[in-house]
Amino acid sequence: MKDKKKLTVAAVGAVLAMAVVCAQVVAAKPKAKDMTSKTAESSVTTNDNGSVSRLFTESTVTTNGNMVTERRRETRTNTDMDGNVLETSTSEYAQSYPVGDSGVVPLSGQVNGDDQNMREKGNADSFMGLKFGDKFTSTNFVEDADAPDFLRAEFKPKKPLDGFDDYYVYVTPKTHKIARVYACAKDAVDAGANWRRHYLVEALEKRYGTWARLCSWWKPWYQFEVGPYRHVRACLTEASQSYGTILVAWDDAVGSQAVQEREELREAARKTAAEKRGQRVSAAAEAF
């Protein structure tokens with residue numbers, strides 16, 4: 001019995017000794033802290049009209065427990081050839097997601113080589129399968145009071161978007177060149193996504209290799225500069241009285257052509273009306 005008692009006391013002593021060693025190791029290990037990393041980058045672009053665009057980007061990534069929070073701040077400044085400031089804008093973005101969540105594309109990620117190559121090869125030339133500037137053939141063109149310089153037609157894309165109901169294309173009034181493309185959903189698409197970026201925003205960023213810019217302080221409306229004078233806007237909720245979500249892409253150059261063609265049509269109509277009136281006046285004068 002005495003031997004067993006000594007053995008038990010020895011075992012307890014060994015356990016206590018191990019506990020003391022573990023406590024010392026834990027005490028020596030530094031306490032976990034929030035991890036934060038910051039990066040900054042800038043770029044300068046000279047536009048075709050001689051103006052200069054400068055972009056300064058600051059990114060912050062913070063890991064707090066099991067959550068990652070990313071913030072991105074972009075400051076854009078446009079100046080003319082003489083250095084005069086034409087426009088300045090600032091956009092901020094933020095998202096949070098669990099550590100290891102593979103379903104989220106980090107804001108700090110860079111455009112990969114494939115996306116860059118696609119953009120250089122004309123990736124920004126089209127939207128929903130329709131290429132800006134191409135002629136659109138249709139027999140159901142209608143006038144739109146909200147866009148008097150264009151003609152509108154409905155179309156069905158080869159790859160429709162989940163949850164979207166209607167698709168419209170706006171063309172120039174004479175040559176029927178594609179200037180705007182709309183994708184519309186009667187109900188807001190995935191309106192409950194409030195703690196991470198909307199999947200449509202991520203999809204458009206991936207598609208065009210550019211960042212979304214928040215263009216409203218009270219609604220989730222984002223804009224993408226996808227190319228020279230080409231833009232995409234995503235209105236995710238309360239987009240209009242008829243639709244909850246609207247995606248629209250447009251080309252400024254083709255839009256300007258639409259305005260010019262509409263004015264040519266108006267001028268031709270005024271000329272035709274003047275000629276008809278002159279003929280009626282002459283006919284009436286001969287009758288008298």
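The values are calculated or read from the model by the stated rules, or taken from the named source; none is laboratory data. Because the structure is predicted, anything quoted here is derived from the model rather than measured. Cβ sites come from the backbone with ideal geometry, for glycine too, and all protein chains shown count toward neighbours.
Brief remarks on what is shown
- Ala183 within 23 Å of the chain's Cα centre (by Cα), over 13 Å from Gly255 (Cβ atoms) and assigned to a strand (DSSP E or B): yes
- Looking only at residues of the stretch 246-284 that are under 30 Å from Phe164 (Cα atoms) and charged (D, E, K, R), we find that the one that is surrounded by the fewest Cβ atoms within 10 Å (Cβ to Cβ) is Asp252.
- Being without any contact (Cβ under 8 Å) to a residue 24 or more places away in the chain, farther than 25 Å from Glu58 by Cβ and of a type in the set (A, V, I, L, M, F, W, C) is true of Ala283.
- Yes/no for Tyr229 being touching a helix residue (DSSP H, G or I) at 6+ places or on another chain (Cβ under 7 Å), surrounded by fewer than 19 Cβ atoms within 10 Å (Cβ to Cβ) and of a type in the set (Ser, Thr, Tyr): yes
- When Ser108, Ser91 are screened for being within 23 Å of Phe224 (Cα to Cα), modelled with pLDDT under 70, touching a Cys at 6+ places or on another chain (Cβ under 9 Å) and not charged (D, E, K, R), only Ser91 passes.
- Meets criteria (at pLDDT 90 or above, assigned to a loop (DSSP other than H, G, I, E, B), assigned by TED's automatic domain parsing to the domain that holds His231 and touching a helix residue (DSSP H, G or I) at 6+ places or on another chain (Cβ under 7 Å)) for Thr175: yes
- Out of Ala153, Ala147, Ala124, one residue alone is among the aliphatic types (A, V, I, L, M), part of a helix (DSSP H, G or I) and either in the same structural domain as Ala185 (by TED's automatic domain parsing) or touching a residue at least 60 places away in the same chain (Cβ under 8 Å) (or both). It is Ala124.
- Lone qualifier among Asn84, Asn66 - being loosely packed, with under 11 Cβ neighbours inside 10 Å and modelled with pLDDT of 80 or more: Asn84
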